[in-house]
1. Out of everything in the range 29-74 that is β-branched (Val, Ile, Thr), closer than 24 Å to SER85 by Cα and surrounded by 13 or more Cβ atoms within 10 Å (Cβ to Cβ), what residue ends up being modelled with the highest pLDDT?
2. Return the only residue of ILE103, ILE99, ILE131 being of a type in the set (Val, Ile, Thr) and touching a Pro at 6+ places or on another chain (Cβ under 8 Å).
3. Pick out the one residue from ALA57, ALA46 that is of a type in the set (A, V, I, L, M, F, W, C) and under 14 Å from THR6 (Cα atoms).
4. Are any of the residues in the range 81-90 outside any strand (DSSP E or B), in contact with a Pro (Cβ under 9 Å, 6 or more places away or on another chain) and under 15 Å from VAL9 (Cβ atoms)?
5. Could you tell me how many of the residues in the range 1-43 are outside any loop (DSSP other than H, G, I, E, B), over 28 Å from GLY118 (Cα atoms) and either in contact with a Leu (Cβ under 8 Å, 6 or more places away or on another chain) or touching a residue at least 24 places away in the same chain (Cβ under 8 Å) (or both)?
Amino acid sequence: MSDVVTPSVQAFLVCDQVIEDSTTKKKSLIGLFTHLQAASFPFQHAQVGLYFCLTDAEGTYYFEIDLICLNNEQLVCRAALPNVSIADRLHIYDFGINIPALIFPTPGRYEFRLRMDGHLIAQKDFSVMQIPTDQTP
């Protein structure tokens, strides 16, 4: 078995949506955020977009992205990108993923964890906050 090269992650971002131009393959990140607000829980966010960019990669990889509630280390969801083939370690590769109807069970800190072949290679945390109900009009 040949050695698999571990990529260098240059970006790992969370947003509302990733759009890819069909002609240029450029990605647009819509609604980058570091926190979300909700009136009640569990809270369903219509869609969450994830973008990651890496270089120094060559080979076939199995990527997993876990969403963890840091309050209790609970796995909220998992997405997988199996059999990603990367041919040239000198190039920069970027990926955009949209996860529909993501449910956050409680307010708190959450973290996306990017794993490659089972190894953690990037993390991105953010907060989900409850909107105070004692606000007067």
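1. It comes out as ILE65.
2. ILE103
3. ALA57
4. yes
5. Total meeting the criteria: 4.
Listed here are the residues, each with its yes/no results for (1) closer than 30 Å to GLN37 by Cβ; (2) of a type in the set (S, T, N, Q); (3) over 11 Å from the mean Cα position of the chain (by Cα).
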{"residue": "CYS69", "(1), (2), (3)": "yes, no, yes"}
{"residue": "ILE99", "(1), (2), (3)": "yes, no, no"}
{"residue": "LEU102", "(1), (2), (3)": "yes, no, yes"}
{"residue": "HIS119", "(1), (2), (3)": "no, no, yes"}
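The values are calculated or read from the model by the stated rules, or taken from the named source; none is laboratory data. Computed from a predicted structure; not experimentally measured. Quick reminder, even Gly has a Cβ in these numbers, built from the backbone with ideal geometry, and neighbours come from all protein chains shown.
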